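Inspection log for the structure reproduced underneath, given as structure tokens.
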Amino acid sequence: MLKHRIMTSLVLAPAALGLVFYTPLMIFSYMAAVIVLVGSWEWSGFMGLKKIAHRLVYVIVTAVILSALHLHWPIESLWQGNKLLSDANYLFTVSVAWWLVATTLVWQYPSMSKSWNKGILMRAIAGLLTLIPLWLALNALRSASYEESTLHGSILIMIVLGIVWSADIGAYFSGKNFGKHKLMPNVSPNKTIEGLAGGIIASTLFILIFCYFSGIEQDKWFLYSCVTIFIAVFSAIGDLLESMFKREAGLKDSGRCLPGHGGILDRIDSLTAAAPIFVAFYAWILSS
């Protein structure tokens with residue numbers, strides 16, 4: 001298992017860096033759509049769908065929505081100067097609202113599960129609200145200030161990934177060494193309050209180090225740290241939301257496409273929350 005995990009990581013890491021830094025905007029958008037569509041296939045398993053045809057219907061619905069959004073918001077036209085298109089902003093507002101609702105669903109699990117686990121419709125909508133904004137967020141980040149610098153958006157994506165990865169690493173080591181108080185045992189028995197705190201501290205240190213070496217004015221460090229804490233918390237919610245749906249569906253992993261890691265959703269669960277919320281903050285506050 002560990003061998004497969006390491007080998008998969010050795011392939012994924014350079015592939016991800018190549019995608020983020022070296023692909024043209026349109027190719028990047030298509031590849032992000034492929035990742036989301038694989039995620040939608042796995043999410044259809046959370047819905048309890050067993051037949052391939054039924055699961056493909058959900059993937060096709062997701063693809064149709066992505067195609068419509070691609071026609072309405074081509075990746076190269078998402079920004080006007082430093083301002084995100086106003087109607088695209090609405091979708092990120094909806095996404096932030098969804099993650100606040102998701103926090104309540106996770107916090108109240110399993111008492112609130114009766115409101116969404118009886119049929120597939122609510123779980124289908126939850127999947128769309130989780131995955132569609134991720135695609136648009138990746139597009140928005142990659143294309144930000146593209147005319148000024150083709151790498152600016154790539155760096156933004158790496159900042160989000162850095163926050164998520166440092167939070168995961170901090171949570172792992174803090175939880176393993178100091179974890180005593182369960183965070184949400186009904187959802188994920190191994191996660192602890194100490195682990196969450198360690199993740200927040202690690203991600204905050206990451207952003208402060210980034211600010212220092214990037215020459216960002218010190219009067220902005222506190223704001224950036226507060227935004228990072230918020231994103232780190234919701235990255236944990238993204239992880240817990242997927243764990244909740246897997247638990248309800250009786251699944252250990254979201255899929256088997258990544259040996260040693262599980263499925264795509266097992267790798268991007270934190271990012272599904274972190275990326276749209278980061279874009280919301282960037283569009284509303286940080287880019288001004």
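The values are calculated or read from the model by the stated rules, or taken from the named source; none is laboratory data. Bear in mind that the values here come from a model prediction, so they are computed numbers and not experimental data. Backbone-built Cβ (ideal geometry, glycine too); neighbour counts: all protein chains shown.
Can you name the number of the only condition in (1) surrounded by 20 or more Cβ atoms within 10 Å (Cβ to Cβ); (2) within 23 Å of Val34 (Cα to Cα) that Leu161 fails?
Failed condition: (1).
If we keep just the residues of segment 25-38 that are farther than 15 Å from Ile157 by Cα and free of Cβ contacts under 8 Å to residues at least 40 places away in the same chain, which is surrounded by the most Cβ atoms within 10 Å (Cβ to Cβ)?
This residue is Leu37.
Being buried (at least 18 other Cβ atoms within 10 Å of the Cβ) and modelled with pLDDT of 95 or more is the requirement here; does Ile237 meet it? Give the steps one after another, and end with the answer.
Values: buried (at least 18 other Cβ atoms within 10 Å of the Cβ): yes; modelled with pLDDT of 95 or more: yes.
So Ile237 passes the test.
Looking only at residues that are touching a strand residue (DSSP E or B) at 6+ places or on another chain (Cβ under 8 Å) and either among the charged types (D, E, K, R) or assigned to a helix (DSSP H, G or I) (or both) in segment 116-146, which one is nearest to Met244 (Cα to Cα)?
Ala140
I'd like to check something: does segment 142-153 contain any residue that is within 21 Å of the chain's Cα centre (by Cα), of a type outside the set (Phe, Trp, Tyr) and under 19 Å from Ala232 (Cβ atoms)?
No, that holds for no residue.
Which of the following residues is at pLDDT below 95, surrounded by 14 or more Cβ atoms within 10 Å (Cβ to Cβ) and not basic (Lys, Arg): Leu66, Leu17, Leu49? Give the derivation first.
On the way: Leu66 fails: at pLDDT below 95; Leu17 fails: surrounded by 14 or more Cβ atoms within 10 Å (Cβ to Cβ).
None of the other options fit; the residue is Leu49.
Scan segment 243-266 for residues that are without any contact (Cβ under 8 Å) to a residue 60 or more places away in the chain and of a type outside the set (S, T, N, Q) and jot them down. Working first, answer last.
Of segment 243-266, the ones without any contact (Cβ under 8 Å) to a residue 60 or more places away in the chain are 243, 250, 252-253, 256, 262, 266.
Matches in segment 243-266: Gly250, Lys252, Asp253, Arg256, Gly262, Asp266.
Can you find a residue that is within 24 Å of Ser203 (Cβ to Cβ) and among the hydrophobic types (A, V, I, L, M, F, W, C) anywhere in segment 141-150?
Within segment 141-150, one or more residues are within 24 Å of Ser203 (Cβ to Cβ) and among the hydrophobic types (A, V, I, L, M, F, W, C).
Quick one: in segment 116-137, of everything that is touching a helix residue (DSSP H, G or I) at 6+ places or on another chain (Cβ under 7 Å) and among the small types (Gly, Ala, Ser), which residue is nearest to Ala283 (Cα to Cα)?
Among them, the one singled out is Ala137.
Would a scan of segment 83-104 turn up a residue that is at pLDDT below 95, of a type outside the set (Lys, Arg), within 20 Å of Tyr146 (Cβ to Cβ) and assigned to a loop (DSSP other than H, G, I, E, B)?
Checking segment 83-104: at least one residue is at pLDDT below 95, of a type outside the set (Lys, Arg), within 20 Å of Tyr146 (Cβ to Cβ) and assigned to a loop (DSSP other than H, G, I, E, B).
Return the total of residues in segment 185-210 being more than 18 Å from Gly170 (Cα to Cα), surrounded by fewer than 17 Cβ atoms within 10 Å (Cβ to Cβ) and in contact (Cβ under 8 Å) with a residue 12 or more places away in the chain. Spell out how you get there, then give the answer.
Taking segment 185-210 and keeping what is more than 18 Å from Gly170 (Cα to Cα), we get 185-187.
Filter once more, keeping what is surrounded by fewer than 17 Cβ atoms within 10 Å (Cβ to Cβ): 185-186.
Restricting the remaining residues to those that are in contact (Cβ under 8 Å) with a residue 12 or more places away in the chain gives 186.
Number of matching residues: 1.
Specify the residue that is surrounded by the fewest Cβ atoms within 10 Å (Cβ to Cβ); the eligible residues are those in segment 245-276 that are modelled with pLDDT of 95 or more, touching a Pro at 6+ places or on another chain (Cβ under 9 Å) and not small (Gly, Ala, Ser).
Filtering first and then ranking leaves Thr272.
Restricting to segment 90-115, name every residue that is touching a strand residue (DSSP E or B) at 6+ places or on another chain (Cβ under 9 Å) and either more than 24 Å from Leu183 (Cβ to Cβ) or of a type in the set (S, T, N, Q) (or both).
Selection gives Phe92 alone.
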